[in-house]
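Undergrad: Structure below; questions to follow.
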Amino acid sequence: LTVTTYYDCSSVTVKSLNPDGNGATVNPTDNGDGTLTQTITCPADTESARFVLMPTSNSAASITCSKSTGKYTPAFLARCKETRPFTSGYGKQLMGLSTFPIKVSTAKGGAAAMLVLASIC
């Protein structure tokens, strides 16, 4: 007599690299053979956000729980990376002038010196 123990995949916790609340959906599929597949779907792109599925070596868009191990393979659902464009901004850039050819000329009367960039191109 051989006794085989099977795990109930519907009670196994699904682990995801995706942050909560970004609109992704996870749908379970009963494969009919005791295994359970979970699939993540990223939200649709909007005017202000784009979503891209980012699988890794230990995550995927679909993961399947084995009834013989009670574990999902791969271990995690992938994440939906959210990208938002800049809508405004401010910036500064400091440039050193040592790489430009500089010509020094003196203002009338020698009161002040003025630097002139000979060539910027």
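Undergrad: I'd like the residue in segment 15-59 that is free of Cβ contacts under 8 Å to residues at least 12 places away in the same chain and β-branched (Val, Ile, Thr) and, out of all such residues, is nearest to Lys81 (Cα to Cα).
TA: Top of the filtered list is Thr46.
Undergrad: Take the residues in segment 1-42 that are of a type in the set (A, V, I, L, M, F, W, C) and assigned to a loop (DSSP other than H, G, I, E, B), then tell me which one is most open to solvent (accessible area, probe 1.4 Å). Reasoning before the result, please.
TA: Residues of segment 1-42 of a type in the set (A, V, I, L, M, F, W, C): 1, 3, 9, 12, 14, 17, 24, 26, 36, 40, 42.
Still in the running and assigned to a loop (DSSP other than H, G, I, E, B): 1, 3, 12, 14, 17, 24, 42.
Working: Leu1: 207, Val3: 120, Val12: 38, Val14: 54, Leu17: 71, Ala24: 32, Cys42: 35 Å².
Once the filter is applied, the top-ranked residue is Leu1.
Undergrad: Next up: With the requirement that a residue be among the small types (Gly, Ala, Ser) and open to solvent by 50 Å² or more (accessible area, probe 1.4 Å), what does segment 59-69 give you? Reasoning before the result, please.
TA: Filtering segment 59-69 down to residues among the small types (Gly, Ala, Ser) leaves 59-62, 66, 68.
Ser62, Ser68, listed by residue number.
Undergrad: Of all residues being open to solvent by 50 Å² or more (accessible area, probe 1.4 Å) and assigned to a strand (DSSP E or B) in segment 43-54, which is farthest from Leu77 (Cα to Cα)? Just the residue, please.
TA: Within segment 43-54, the first condition is being open to solvent by 50 Å² or more (accessible area, probe 1.4 Å), and the residues that meet it are 44-48, 50, 52-54.
Then keep just the ones that are assigned to a strand (DSSP E or B); that gives 50, 52-54.
Values: Arg50: 19, Val52: 13, Leu53: 10, Met54: 10 Å.
This residue is Arg50.
Undergrad: Can you find a residue that is surrounded by 15 or more Cβ atoms within 10 Å (Cβ to Cβ) and among the β-branched types (Val, Ile, Thr) anywhere in segment 70-91?
TA: There is no residue in segment 70-91 that is surrounded by 15 or more Cβ atoms within 10 Å (Cβ to Cβ) and among the β-branched types (Val, Ile, Thr).
The values are calculated or read from the model by the stated rules, or taken from the named source; none is laboratory data. Because the structure is a prediction, the values reported are computed rather than measured. With ideal geometry, Cβ positions are generated from the backbone for all residues, glycine too; neighbour counts draw on all protein chains shown. For the accessible areas, the whole protein counts, side chains as well, though only heavy atoms, and no ligand, DNA or RNA atoms are used. Shrake-Rupley method; radii C 1.70, N 1.55, O 1.52, S 1.80 Å.
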